[in-house]
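Down below is the structure, laid out as structure tokens.
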Amino acid sequence: MVVASSARDYINRILQDISGMKVLILDSQTIGVVSVVYSQSELLQKEVFLVELVDSISNSSESMLHLKAVYFLRPTSENIQFLRRQLASPRFGEYHLFFSNILKDTQIHILADSDEQEVVQQVQEFYADFVAIDPYHFTFHVPSHYIYMLPAVVDPSTVQRFCDRVVEGLAAVFLALKRRPVIRYQRTSDIAKRIAQEATKLMYQEESGLFDFRRMEVSPLLLVIDRREDPVTPLLNQWTYQAMVHELIGIQDNKVDLKSIGKFPNDQEEVVLSSEQDPFFKANMYENFGDIGMNIKRMVDEFQQVSKSNQNIQTIEDMAKFVDNYPKYRKMHGNVTKHVTLVTEMSKIVDERKLMSVSQTEQELACNGGQGAAFEAVTNLLNNESVSDLDRLRLVMLYALRYEKDSPVQLMQLFNKLASRSAKYKPGLVQFLLKQAGVDKRMGDLFGNRDLMNIARNMARGLKGVENVYTQHQPLLFQIMESIVKGRLRDVDYPFVGNHYQQGRPQDVIIFIVGGTTYEESRSVALQNANNTGIRFILGGSSVLNSKRFLKDLEEAQRVARSSTTV
């Protein structure tokens, strides 16, 4: 039950059953679905000689009757209209139509009526309506992402579109895994409850026949929670490889765009970071930044040894051996260059932004008590000219989330200092965060200072000392997974939808975060799965966050809330 292999199997089946030269036609969402599980060279091996977007292919009239058109699209009304127009004057010899989710009857009728020249060979549903960025981590890239923070009355149609996209995506995940889950949600979140109820209605009523899989002793669990229950994790700097690349540079569908941070040779402007395609990355994606440097040095040394042996070509046999090994050598060269470049660029950013000292204070705010020392540390960093506006804002937000009830006077001093030091600061943003995700809105023990068990655990950790001051924080998700493993996730906090209860401990649990996941959380899931507790966790979200993306959503929600009379 691994999401990446389910998506890959679907793409395999689409491409291998259609022989001959093909053009693969995707939309803005399915291009991400395909790109994370299939490389360009693999597409070529399947005789795909052209990849196009459905909206751009509509603008062309060039006839290519020698090619077979393989469409893989989301079943949106917009895509159906594109197809209707394209089938009216076909450019390709054959049309094979695959949709990533459930087609409506009306859409099938439109397609049938449009195929007057009978060029359509097949129409199928292949449920890969999610981007499987890692084996146990998927996302949906939902547009208008900020909307989950606002009451439904502010913009009912956008909220409905957001919920529809999430419910459709969750349906596809479970159809791909061939399971029907029992569903629970976070009691304090209206949008989590709405998504859970709509997903239940779809899986148990509207499309119950599709979900009527062989019964298992214990159904899998789908748990829908709200990002605002843990606003700390997306605000922190990260110090493990994958999470750090996303925080400092940005990862989109396993690709890193280096153009945003400097000038690089053409072949290095965009690099792929995929645990499925890059063994070094797979082995090091969850390692600390310090260890990464050592491991990259080892990889560089190995590469230099290979380079030396390649320079020593004296016989025809040596030459033949070199030619045979050249693709492997070239790939190794590309890999070494990629990882050295990423670590070098991140080291520069860490130095420029003084992230070692910033992050130490962040971790203290997230994990330890001591309000007086925290106030002093944050004040000093606000006064430091080398600290960026982004880091100043995050520090004040973390302090506010931790001490909003303890020190209102000092909090106001920090608000004023932030406004005077950061020219771009939007007034009221920290207060808006507290309104969204402050202590009165949260039910969990985010800072480990409400629940006696967590207080005791933090004291024990304090006495033992921490292995690494920069990675001592654990996301709230870790506590939730622990509760599920121990059978202690309280029904009163996470109620079931309808009368579908869980008998016994589930073997498979999908935790979906409305508002987006982080790579720190996906690391937590991978480490939990490595413990072999008998429960396998999969993490999903409406997007993948770093601090910039989380703050952008927050700013957009604040802007819409201010312009609305209903908030």
Selection status of residue 506, in contact with a strand residue (DSSP E or B) (Cβ under 6 Å, 6 or more places away or on another chain), within 13 Å of residue 183 (Cβ to Cβ) and not charged (D, E, K, R): yes
Candidates 42, 47, 94, filtered to the one that is closer than 28 Å to residue 173 by Cβ and among the acidic types (Asp, Glu): 42
Filtered residues of the range 48-101 (kept if in contact with an Asp or Glu (Cβ under 9 Å, 6 or more places away or on another chain), among the acidic types (Asp, Glu) and farther than 18 Å from residue 34 by Cα): 78
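So that you can scan it fast, the table gives a plain yes or no per residue for (1) among the basic types (Lys, Arg); (2) in contact with a Ser or Thr (Cβ under 9 Å, 6 or more places away or on another chain); (3) touching a residue at least 40 places away in the same chain (Cβ under 8 Å); (4) open to solvent by less than 50 Å² (accessible area, probe 1.4 Å):
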{"position": "163", "(1), (2), (3), (4)": "no, no, no, yes"}
{"position": "188", "(1), (2), (3), (4)": "no, no, yes, no"}
{"position": "198", "(1), (2), (3), (4)": "no, no, no, no"}
{"position": "201", "(1), (2), (3), (4)": "yes, no, no, no"}
{"position": "213", "(1), (2), (3), (4)": "no, no, no, no"}
{"position": "231", "(1), (2), (3), (4)": "no, no, yes, yes"}
{"position": "237", "(1), (2), (3), (4)": "no, yes, yes, yes"}
{"position": "249", "(1), (2), (3), (4)": "no, yes, yes, yes"}
Hits in the range 393-405 - residues which are open to solvent by less than 10 Å² (accessible area, probe 1.4 Å) and either under 12 Å from residue 361 (Cβ atoms) or acidic (Asp, Glu) (or both): 394, 395, 396, 398, 399
Unmet criterion (only one of (1) open to solvent by less than 10 Å² (accessible area, probe 1.4 Å); (2) more than 28 Å from residue 549 (Cα to Cα); (3) not β-branched (Val, Ile, Thr)) for residue 205: (1)
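Evaluate the following for residue 33: is it assigned to a helix (DSSP H, G or I), at pLDDT 90 or above, aliphatic (A, V, I, L, M) and under 18 Å from residue 124 (Cβ atoms)? Even if it seems obvious, please write down each step before you answer.
On the way: assigned to a helix (DSSP H, G or I): yes; at pLDDT 90 or above: yes; aliphatic (A, V, I, L, M): yes; under 18 Å from residue 124 (Cβ atoms): yes.
So residue 33 fits the description; yes.
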Residue list for the range 511-548, filter: open to solvent by 10 Å² or more (accessible area, probe 1.4 Å), under 11 Å from the mean Cα position of the chain (by Cα) and among the polar types (S, T, N, Q): 546
Residue match in the range 142-160 (condition: free of Cβ contacts under 8 Å to residues at least 40 places away in the same chain, surrounded by 19 or more Cβ atoms within 10 Å (Cβ to Cβ) and either assigned by TED's automatic domain parsing to the domain that holds residue 519 or out of contact with any strand residue (DSSP E or B) (no Cβ under 8 Å at 6 or more places or on another chain) (or both)): yes
Residue that is modelled with the lowest pLDDT, among those in the range 51-92 that are in contact with a Lys or Arg (Cβ under 6 Å, 6 or more places away or on another chain) and farther than 19 Å from residue 29 by Cα: 63
Residue within the range 454-465 that is touching an Asp or Glu at 6+ places or on another chain (Cβ under 8 Å), over 17 Å from residue 559 (Cα atoms) and at pLDDT below 55 present: yes
Pairs, first surrounded by 12 or more Cβ atoms within 10 Å (Cβ to Cβ) in the range 365-388, second in a helix (DSSP H, G or I) and among the acidic types (Asp, Glu), C-beta under 8 Å, six or more apart: 373/364; 374/364; 377/364; 381/391; 386/352
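The values are calculated or read from the model by the stated rules, or taken from the named source; none is laboratory data. All values derive from a computational prediction rather than experimental measurement. Cβ atoms come from the backbone with ideal geometry, glycine included; neighbour counts cover every protein chain shown. Areas reflect the complete protein model, heavy atoms only, side chains present, ligands, DNA and RNA absent. Shrake-Rupley method; radii C 1.70, N 1.55, O 1.52, S 1.80 Å.
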